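Reviewing the structure listed below.
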Amino acid sequence: MFVYRIFKALALTSALIFPVSGFTQSFTFAAIGDLPYGPHEEFAGLIGKLNGQSLAFTIHVGDIKSGSTVCSDETFLSVRQLFDRFDRALIYIPGDNEWTDCHRVNNGRYDPLERLEKIRQLFFVPSESLGKQRLPLQMQSSQKPFASFVENRRWSQGKVRFATLHLVGSNNNLQPGLASSSEFAAREHANIAWLRETFAEAKANKDEAVVLAMQADTFFGEPRKGSGFVRWNVALAEEVAAWEKPVLLIQGDTHQYLTDRPLKDAKGKPLSQLVRLVVPGESQADAVLIRIDTADTAAPFQFKLLRDEKQP
């Protein structure tokens, strides 16, 4: 079998395919998102396959329903029950389909802010992941200025620092025509604070890599003035440039499996130490298996689709 290994010296979208070999300091986790959009049986089958893998945990980057289905409690609860089937830890971060877009007629004309609170109540267990093997997690909500943001989580695996951040599609909910966009400024402030604190912790701990996960494709359409991602992308570039070690950015939203290096500094220079992964989703009920080798600080990330993995 083959995996994609991203080398620091390669061009922005290039990757080298190579066979898996043994590593002295490595672990594997899975990333999924934009699921389930269709029948839940298909997603249940994917969970069963992931349970058959030797994984440290799974990250779900949001969108647990399609953008044209009802945002009901029943819909949310049915997915929450599926999440409980993961044998190992599952860390989830919300997407736009769960709340920002719920005002739509075909979504049931819900209040997006009320739906966000429901998601927070149903999916975010205090200080722990979901799944049968719960993983202890730091929560941004433990800090008084950010008490609402139970979904922003952080943890470590070896010398790798992980963080989830609540950035979503539909322009990160910066939608002036909607009353629900009133929450944008506070969430943006929280996300940027969580980002900077994550890198500060990684530096203090002398970590070898940082992994960030969120729902939004923050580079979709080359964000400019009026985008809900401009300040975020600037802050990310600042932190990555100062970190000078490998960073993996996991995103969903656009549904097509992709690895690239889209981040640039203020002068337009590519920041090659950041690799971005966009997970497949929608009609593609698949996962990306990610192996991190902390002994190889120049190129620690390897990617392989679950469908390409031999099943036990």
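Here are a few things to note about the model shown:
- One residue stands out in segment 79-89 among those that are assigned to a helix (DSSP H, G or I) and of a type outside the set (A, V, I, L, M): the one that is surrounded by the fewest Cβ atoms within 10 Å (Cβ to Cβ), namely Gln81.
- All conditions but one from (1) over 20 Å from Ala163 (Cα atoms); (2) among the hydroxyl-bearing types (Ser, Thr, Tyr); (3) within 17 Å of the chain's Cα centre (by Cα) apply to Thr69; the one that does not is (3).
- Glu128 being more than 20 Å from Leu212 (Cα to Cα), of a type in the set (Asp, Glu) and without any contact (Cβ under 8 Å) to a residue 12 or more places away in the chain: no
- Failed condition for Thr75, given (1) modelled with pLDDT of 95 or more; (2) crowded, with 18+ Cβ neighbours inside 10 Å; (3) among the β-branched types (Val, Ile, Thr): (2)
- Search result, residues across segment 112-158 that are among the small types (Gly, Ala, Ser), within 18 Å of the chain's Cα centre (by Cα) and crowded, with 19+ Cβ neighbours inside 10 Å: Ser129, Gly131
- Unmet requirement for Gly177, which otherwise passes all of (1) over 30 Å from Ala295 (Cα atoms); (2) touching a Gly at 6+ places or on another chain (Cβ under 9 Å): (2)
- Among the residues of segment 49-72, those that are crowded, with 24+ Cβ neighbours inside 10 Å and either over 26 Å from Phe29 (Cβ atoms) or among the aliphatic types (A, V, I, L, M) (or both) comprise Ile59, Val61, Ile64, Cys71.
- Failed criterion for Ala44 (all others in (1) of a type in the set (A, V, I, L, M, F, W, C); (2) at pLDDT below 95; (3) over 20 Å from Arg153 (Cα atoms) hold): (2)
- When each of Leu167, Leu116 is tested for being touching a Gly at 6+ places or on another chain (Cβ under 9 Å) and in contact (Cβ under 8 Å) with a residue 40 or more places away in the chain, the lone residue that passes is Leu167.
- Of all residues in segment 143-202 being among the basic types (Lys, Arg) and under 19 Å from Ala213 (Cα atoms), the one that is modelled with the lowest pLDDT: Lys159
- Verdict on Lys49 being basic (Lys, Arg) and more than 21 Å from Phe124 (Cα to Cα): yes
- Taking segment 235-273 as the range and being in contact with a Ser or Thr (Cβ under 7 Å, 6 or more places away or on another chain) and farther than 30 Å from Ile64 by Cβ as the test, only Lys245 passes.
The values are calculated or read from the model by the stated rules, or taken from the named source; none is laboratory data. Please read all numbers here as calculations on a predicted model, not as lab measurements. Neighbour counts are summed over all protein chains in view; Cβ atoms, including those assigned to glycine, are modelled from backbone coordinates with ideal geometry.
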